[in-house]
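Once you've had a glance at the structure underneath, I'll fire off some questions.
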Amino acid sequence: MHCRIVPWGGLPGVALCWVTKGRRAIGWRRLDHDRLGRPVIDKYLVSPETVWDPGAQLLSQCIVVANSARTLYLSGQTAITADGRFEGVGDVETQIRLSFENIRLILDAAGGTLDNVVKLTVYFVNLDDLDTYTGILGELFPKMRPAQTVVEVSRLALDELLIEIDATAVL
C-alpha cells in the first residue's frame with residue numbers, strides 16, 4: 001500500500017491520503033493532527049503467519065508507516081545527562097530509563113513523542129538484563145511496541161555503560 005499526503009480544502013490540521021495497492025486505487029483516507037498540530041502517523045503492524053511471532057508483548061516484526069512526512073534517525077542514547085554526568089553505575093534499570101528519557105527529549109525537540117518510534121536497536125553488555133528492559137518497554141510503549149533488534153556486545157564506548165539504545169522515529 002502506498003500513501004501520499006495531499007492538502008485538503010486548505011483546512012488546518014486535516015489531510016487526505018490517497019491509498020493505492022499496486023496500480024489500483026483503493027480510495028481516500030482522512031488523516032488528522034493531534035491537539036498540538038502534529039500529524040498523527042498512520043502506522044500498523046504486519047506479522048505474517050509465515051514468520052515467527054514472538055508476541056506483541058516482545059516486539060513488532062514490521063511496522064508500516066503510511067503517511068510519514070519526516071524520518072528521524074537518533075544516535076545511540078545512554079545514561080549520560082544533559083550536563084555530561086554519567087548516572088546509574090552498575091544499575092541497568094536506571095541506565096535504560098535515562099536512555100529512553102534522552103530519546104524522549106530529542107523527539108520532543110523535533111516535535112515528536114515516543115509514539116513516533118518505529119524501530120529500536122538495543123546494545124546490551126549482558127543479555128541477562130533483557131527482562132528488565134522488556135518490562136520498561138511495556139510501560140513506555142503500552143499500545144504497540146516498535147520493531148527491534150537486540151544485540152549483546154562485549155563493550156560499549158565507556159566501561160560504565162551497560163546499555164545503549166538508538167531509535168528511528170517517523171513524524
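All of the numbers you see were taken from the coordinates with simple rules; none came from a lab. Model, not experiment: these values are computed from the prediction. Please note: Cβ atoms are built from the backbone with ideal geometry, for glycine as well, and neighbour counts cover all protein chains shown.
Sorted by packing (mean other beta-carbon atoms within 10 Å per residue), highest first, where do 109-117, 152-160, 134-142, 93-101 land?
Descending packing order for the listed peptides: 93-101, 109-117, 134-142, 152-160.
What is the spin-label model distance, in nm, from Ala109 to Leu158 if the labels are put 7 Å beyond Cα along the C-beta direction?
1.7 nm
Let me ask something else about it. State the extension gain, in nm to one decimal, for the chain segment bounded by Val151 and Thr134, taking 0.36 nm per residue of separation less the distance between their alpha-carbons.
Gain on extension, Val151 to Thr134, equals 4.7 nm.
Still on this structure, please answer the following. Using 0.36 nm per residue of separation minus the Cα-Cα distance, give me the extension gain between Arg70 and Lys143 in nm, one decimal.
Length gained, Arg70 through Lys143: 24.1 nm.
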